[in-house]
1. Provide the FRET efficiency to the nearest 0.05 for the Lys134-Leu59 pair, computing r from the beta carbons and using R0 = 51 Å.
2. How big is the chain by the Kirkwood estimate over distinct Cα pairs, in Å?
3. Given Cβ point charges of +1 (Lys, Arg) and -1 (Asp, Glu) and nothing else, what value in debye, to the nearest 20, does the dipole of the chain about its Cα centre take?
4. As an exercise, use a Förster radius of 25 Å and the Cβ-Cβ distance of Glu244 and Gln88 to find the FRET efficiency, rounded to the nearest 0.05.
5. Which of Trp106, Gly185, Ser242 sits farthest toward the positive end of the charge dipole of the chain, with +1 on the Cβ of Lys and Arg and -1 on the Cβ of Asp and Glu?
6. Under the √(5λ) rule applied to the eigenvalues of the Cα gyration tensor, what semi-axes describe the equivalent ellipsoid of region 114-209? Give them in Å, descending.
7. Take Cys220, Cys114 and order them by how many other Cβ atoms sit within 10 Å, fewest up front.
8. What is the fewest-to-most order of Ile202, Ile109 by other Cβ atoms lying within 10 Å of their Cβ?
Amino acid sequence: MPLVKWKEHNIEGVEVELLLSALKLRYGYDFTGYAKASLRRRLKALNSYFGVKHLSELLSVMLYDEAVAQTLINCISVPTSEFFRDAQVWKKVRDDVLPQLDSFPWINIWQVGCGRGEETYTLAILLHESGLLKKSRIFTSDINPAFLQDARNGCWPRRNLDDWRKHYHESGGTGDFDSYFVERGEDEIAIKEPFKQSIEFIQHNLVEDDVFKEVQFVVCRNVLIYFGESLQDKVLMLLTRSLERGGYLLLGRAEKIFDLRNKHPYLEELDETLYRKLISGGLHV
Ligand SMILES: C[S@@+](CC[C@H](N)C(=O)[O-])C[C@H]1O[C@@H](n2cnc3c(N)ncnc32)[C@H](O)[C@@H]1O
């Protein structure tokens, strides 16, 4: 009979918390507000990658080995993306949002969580096809400098091209999608240089950093989904503050703003993924 009646905690949960604390204290990356269930699933996959039985075995290693810490950060920050991902959403951007944005003398867009750049150049292609690229600036940001560098390089495996071309046409694209790329070696394609000229690549952490620009369009898809509820609310405030009145906010298909009226009264819901900052009324943010 033990002297102390232990209060049991889920041991994997404890391991995840320890790793998150260490990442925050040692490397300054704060993932503590991220949704725990999916974090745990992704981190557990590292057991076999590193050949360890328990996640906590990585703790002492990552404190001293930055490469291991970087692998953890990459695993948490998931850069999965595609050109014209969710084609119907891009059709709506093409048909409805961009014509509205054309009424502004210039167009500043903040594309948040760029991963390896597929979504950034999707936007650049759409702006080009709508004749708006020259008066537009895309500020693309990500927490992870390694992904930003990949996005800047703008190269991807050639095997993706068939799927991406299909999405492009489903989004209403009528051009020659392949003509936006050049061949890079046998297996890669690279976006043509002129598409990079309207883009600024910025390291920005939604959890800790502030607004850096007032923009007319915020594209933040498949990022909030990784956050816990209170972090989602905090980040939504940040995104809204960076929007000019009348500007648009595009979220991912699995990202719903709950209790919009009370928590984010300055946003109007246009459909399941698209919001607009009120031109008048609502709280001043
Ligand atoms: C799944 S990808 C989304 C890519 C693209 N937006 C899309 O929907 O196809 C999520 C991206 O969010 C970034 N991210 C995660 N946490 C972040 C944070 N706190 N601040 C900025 N970016 C973050 C990740 O590094 C990753 O590149």
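1. 0.50
2. Across the chain, the inverse of the average 1/r is 20.5 Å.
3. Using Cβ point charges on Lys, Arg, Asp and Glu, the chain gives about 500 debye.
4. Taking R0 as 25 Å, the efficiency between Glu244 and Gln88 is 0.45.
5. Projecting each Cα onto the dipole axis, the largest value belongs to Ser242.
6. 22, 17, 12
7. Details: Cys220 21, Cys114 30.
Lowest to highest Cβ neighbour count: Cys220, Cys114.
8. Ile202, Ile109
No value in this document is a laboratory result; all are computed from the given coordinates. Keep in mind that what you see is a predicted model, and the values were worked out from it rather than measured. No Cβ is skipped: glycine too gets one built from the backbone with ideal geometry, and neighbour counts run over all protein chains shown.
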